[in-house]
Amino acid sequence: MAALEYSNDALNIKAAFYGAQKMVYVEGEDDVIFWEVIFKIFDKHGLKVEALGGVAEVKKMIVKIAADNIDAVVARDADFTDLDVSYQAGANVITTYGHSIENTLITGASLHYLAKAYGRIPNGILTEELFDEWIVEFESSFFDLVILDAANDVGGLGESVLSSNCTRYMKNQNSCVPCAVKIQGYIAKLQSNLSLVQQAENIKAIFFTLPKRVADFIRGHFLASAAMKKVNRVMQSQGAGKAVNNDSFTSSLLMSFELLLNPNHPHFEHYQSQAALV
């Protein structure tokens, strides 16, 4: 069934229908929870956050807002926009700090919290640094592929680089450790596309001017699939007899987000500034 299309007039009274002052449109249901936490933390009231059901619908809404047809806000994934010199954000559009919400949800602190909770692991056995170090090693392993992924996306070159799952690049099905041989083999394959290689050089030059890290540009679901493997591996090393699955992992990250979004979070100031724009 086709998605219900509202007229501009109907969209402009939608907030009032919900008893809110303004609508904030996002892509999916997980994004609703994510941005609701942010608006709560930064005391932004009178907002109704609603999922549009896909990136295509989000882009349509951005066009409507830019044309002054709709008085609303879009909260979107940043994707690779920081690496795209042609991108113009437009008014009433706020973004995640990293590629997707997962790049903010996944930190050493959040993975430490989840591993302890799911694995029933007492205090003093695990440290946040264990997970921080894993993230650093993971992003270092994928630097070249992330740059190629961004280049492909920005240039619209049609290659398949990083997907929503990291498994094909890991040492085995359940491993949280990247396989250098698999990664280098795929990089070599992609380098036959000379347009992609040239675009990657341009993207790399932009990346080094930014105050961001590789982990901020890894596709969110790709990063989450690896982080879940790490949490499960740590739990198993401590004798836990169960594993976290995709649904519970994402749900738990969202549940812990309100607790962990504080001045110690590396993206705190970004979301403070984004909330101030609403």
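The values are calculated or read from the model by the stated rules, or taken from the named source; none is laboratory data. Since the structure is predicted, the reported quantities are computational estimates derived from the model, not experimental observations. All Cβ positions, glycine included, derive from the backbone under ideal geometry; neighbour counts span all protein chains shown. These area figures cover heavy atoms from the full protein model, side chains too; ligands, DNA and RNA do not enter into them. Shrake-Rupley method; radii C 1.70, N 1.55, O 1.52, S 1.80 Å.
Of all residues in the stretch 73-84, those being over 26 Å from Ser164 (Cβ atoms) and either at pLDDT below 95 or basic (Lys, Arg) (or both) number 0. Can you say whether Ile187 is crowded, with 18+ Cβ neighbours inside 10 Å and at negative phi, as far as the supplied structure shows? Spelling it out, it is not the case that Ile187 is crowded, with 18+ Cβ neighbours inside 10 Å and at negative phi.
Just one of the listed residues (Ala78, Ala109, Ala91) is assigned to a loop (DSSP other than H, G, I, E, B), within 20 Å of Phe257 (Cβ to Cβ) and of a type outside the set (Ser, Thr, Tyr), namely Ala78. Looking only at the stretch 24-47, how many residues end up being open to solvent by less than 30 Å² (accessible area, probe 1.4 Å), within 19 Å of Asn262 (Cα to Cα) and in contact with a Leu (Cβ under 8 Å, 6 or more places away or on another chain)? So the count comes out to 4. Does Lys212 qualify as being surrounded by fewer than 20 Cβ atoms within 10 Å (Cβ to Cβ), in contact (Cβ under 8 Å) with a residue 12 or more places away in the chain and farther than 23 Å from His99 by Cα? In short, no.
A single member of Ser256, Ser251 is at negative phi, open to solvent by 20 Å² or more (accessible area, probe 1.4 Å), in a helix (DSSP H, G or I) and among the small types (Gly, Ala, Ser), and it is Ser251. With respect to the conditions (1) among the aliphatic types (A, V, I, L, M); (2) crowded, with 19+ Cβ neighbours inside 10 Å; (3) under 18 Å from the mean Cα position of the chain (by Cα), Ile65 falls short on a single one, namely (3).
The number of residues in the stretch 73-95 that are out of contact with any Phe, Trp or Tyr (no Cβ under 6 Å at 6 or more places or on another chain), surrounded by 13 or more Cβ atoms within 10 Å (Cβ to Cβ) and in contact (Cβ under 8 Å) with a residue 24 or more places away in the chain comes to 12.
Among residues that are part of a loop (DSSP other than H, G, I, E, B) and of a type outside the set (D, E, K, R), Asn264 is included. Filtering the stretch 33-61 to residues that are assigned to a helix (DSSP H, G or I) and without any contact (Cβ under 8 Å) to a residue 24 or more places away in the chain leaves Glu36, Ala56, Lys59, Lys60.
Taking the stretch 114-170 as the range and being loosely packed, with under 14 Cβ neighbours inside 10 Å and basic (Lys, Arg) as the test, the residues that pass are Arg120, Arg168.
The selection criterion, being open to solvent by 30 Å² or more (accessible area, probe 1.4 Å), under 26 Å from His267 (Cα atoms) and out of contact with any strand residue (DSSP E or B) (no Cβ under 8 Å at 6 or more places or on another chain), does not hold for Ser237.
Answer with yes or no whether Leu4 is assigned to a helix (DSSP H, G or I), at pLDDT below 90 and open to solvent by 10 Å² or more (accessible area, probe 1.4 Å). Against the criterion (assigned to a helix (DSSP H, G or I), at pLDDT below 90 and open to solvent by 10 Å² or more (accessible area, probe 1.4 Å)), Leu4 does not qualify. With respect to the conditions (1) open to solvent by 30 Å² or more (accessible area, probe 1.4 Å); (2) outside any loop (DSSP other than H, G, I, E, B), Ser225 lacks only one, and its number is (1).
State all residues of the stretch 48-62 that are open to solvent by 20 Å² or more (accessible area, probe 1.4 Å) and on the phi > 0 side of the Ramachandran plot; if no residue qualifies, say none.
Our first condition is that a residue be open to solvent by 20 Å² or more (accessible area, probe 1.4 Å); within the stretch 48-62, this holds for 48, 50-53, 55-57, 59-60, 62.
The answer is Gly53, and nothing else.
Restricting Gln198, Gln274 to residues that are farther than 19 Å from Tyr118 by Cα, surrounded by 14 or more Cβ atoms within 10 Å (Cβ to Cβ) and of a type in the set (S, T, N, Q) narrows the list to Gln274.
For the stretch 235-272, the set of residues classified as of a type in the set (Ser, Thr, Tyr) and more than 18 Å from the chain's Cα centre (by Cα) consists of Ser237 only.
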